[in-house]
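In what follows, a structure is listed as structure tokens, so that the remarks can point back to it.
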Amino acid sequence: MSNKLLFIHDDIPRQGISGNIVFLRHFEKLQSWNIQIFVPEQVVNSQTYLGCKTSWNINSLPNRKFYWPPFRESSSLSINTRLWLWQKSIEKFMLKQGKPQAILTVLWHYYSVVACNISKKFNIPLFVIIHDRWDLRTNLPHIAKQRNTYAQKVLEQATKVWPVTLELGEYFLGKNSSKLQVLLPIPGGYVQKKTLWKPEFANRLTLVYSGTVEKHHYQIFSTIATAMKGSEDCLIIVTNPNNEIGLVLAQRFSNIKLLEYFPKNKDAVNFIVNNASAILVTYGFSIEENPFSEHSFPSKMIEFSYTGLPILSIAPVNSAFGKWLEKNQWHLIVTDNNTLVIKESLDLLKQKEAWNKMSSQTWSFSQKKFKVDNIHQIFESGLHGVLNVSK
């Protein structure tokens with residue numbers, strides 16, 4: 001009989017540009033586990049389950065019923081009432097399907113607290129993934145403090161905590177916690193052959209950024225476009241075609257092109273391989289403009305390493321990503337908003353010897369530190385570890 005893994009989150013594991021594809025990839029590789037999923041009903045009703053297996057048991061948590069009191073995050077009574085109601089919905093399911101062997105959640109919403117409560121009540125091992133800081137999703141200090149209080153409750157109950165960086169894990173649990181184990185976002189590993197230098201790269205740089213465009217990206221893209229002036233170089237931004245920042249940039253700079261994002265990550269990777277001479281991965285110039293950069297790690301760095309293309313990395317020097325780049329002696333790093341420095345980096349990408357050196361570094365990381373099977377092994381061995389302990 002297959003082991004049951006109960007996944008409680010605010011979205012469905014699926015294809016797309018968000019972090020949900022990470023869970024999709026891990027679940028696809030879990031051969032001996034029956035995947036049971038609980039997500040909000042509005043997600044179930046609105047999403048196409050692109051990539052989800054039909055064998056996965058997808059269930060919805062009610063947003064509200066007519067006799068439920070409204071949810072107000074400013075009220076602890078309201079929060080705990082809603083948590084209890086969601087918990088009862090899942091317990092009713094468990095009564096029919098049986099107790100799972102493990103629970104997986106993401107520290108990103110109050111659904112993680114529901115997972116924590118069920119884990120504690122039924123003595124089920126709890127695994128918690130952390131991609132970003134939940135408390136940064138609000139501008140209200142008292143709400144941020146409250147979220148951190150609930151986060152501590154979840155992490156105290158957890159059997160294993162998987163942050164994307166050690167800095168992120170230590171922010172919540174302090175140093176030397178035995179629960180912590182870094183779990184990088186698992187890539188697709190679609191490309192099996194390294195991209196090679198093309199003569200046309202010397203005349204025209206095509207730099208591609210693929211992902212969400214936020215407020216802090218405006219200055220980054222503006223500086224890059226300015227550095228490209230007087231050349232045939234261009235910056236292609238693959239994102240939501242209705243993104244206001246992207247539209248303004250495309251109108252202001254003739255060397256910035258907007259392209260609608262691809263439904264499947266594989267298609268985005270194929271586009272980059274066939275059209276780009278280099279990739280842009282950025283977390284901003286400062287932690288102040290992008291607070292998430294302090295502790296997180298960009299999944300695109302790992303995903304796009306499999307193209308073998310050089311990656312121009314922009315990150316605050318004191319961020320977790322910035323420190324990682326420095327530690328690993330990444331060849332192409334920019335930490336300051338300096339047009340001349342960026343222009344020098346762009347010019348390097350049009351020199352064959354420099355391009356090949358940076359390309360080889362990217363490919364080397366895809367085959368070693370970013371290897372798909374190695375990352376998944378951390379995830380799967382953690383789950384199987386609790387089975388061995390319980391025997």
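Points to keep in mind about this one:
- Cβ-Cβ FRET estimate between E200 and V317, R0 fixed at 35 Å, reported to 0.05: 0.55
- Whole-Å distance, taken between Cα centres, linking the range 112-139 and the range 175-229: 30
- Looking at the range 199-367, the pairs of alpha carbons with a distance over 28 Å make up 13% of the total.
- Pairs over the 32 Å Cα-Cα cut-off, from the set K29/K96; K120/K264; K264/K350; K53/K160: K120/K264.
- When only Cα pairs below 8 angstrom with a gap of at least 6 residues are kept, the range 199-367 shows a relative contact order of 24 percent.
- Annotation: amide H-H contacts under 5 Å for I236 (H modelled 1.01 Å from N, sequence separation of 5 or more, or interchain): L207, V208, Y209, K257.
- Phi angles across the range 77-83 convert, under the Karplus curve 6.51 cos²θ - 1.76 cosθ + 1.60 with θ = phi - 60°, into 3J(HN,Hα) values of 5, 4, 4, 5, 5, 5, 4 Hz, Gly and Pro given as x.
- For the range 75-174: rounded, prolate or oblate by the Cα gyration tensor [a/c cutoff 1.5]: oblate
- Sequence-distant residues sharing a close amide H with I37 (under 5 Å, placed H): F7, N57, I58, N59
- Where a label projected 7 Å from the Cα of E326 along Cα→Cβ would reach, residues of the range 337-351 with amide N under 18 Å: 337-338
- Listed peptides 328-336, 59-67, 160-168, 30-38 by packing density, highest first (mean Cβ within 10 Å): 160-168, 30-38, 328-336, 59-67
- The range 318-391 versus the range 50-96: alpha-carbon centroid distance in Å: 38
- Taking θ as phi - 60° and the Karplus parameters 6.51, -1.76 and 1.60, the scalar couplings of the range 203-215 work out to 9, 8, 8, 10, 9, 10, 10, 10, x, 5, 10, 10, 4 Hz in sequence order, x denoting glycine and proline.
- Direction-averaged projected area, Cα convex hull, the chain: 19.9 nm², rounded to one decimal.
No lab work stands behind these numbers, since they all come straight from the coordinates. The structure presented is a predicted model; accordingly, all values stated were derived computationally and were not measured. Here Cβ is always computed from backbone atoms with ideal geometry, including for glycine, and neighbour counts include all displayed protein chains.
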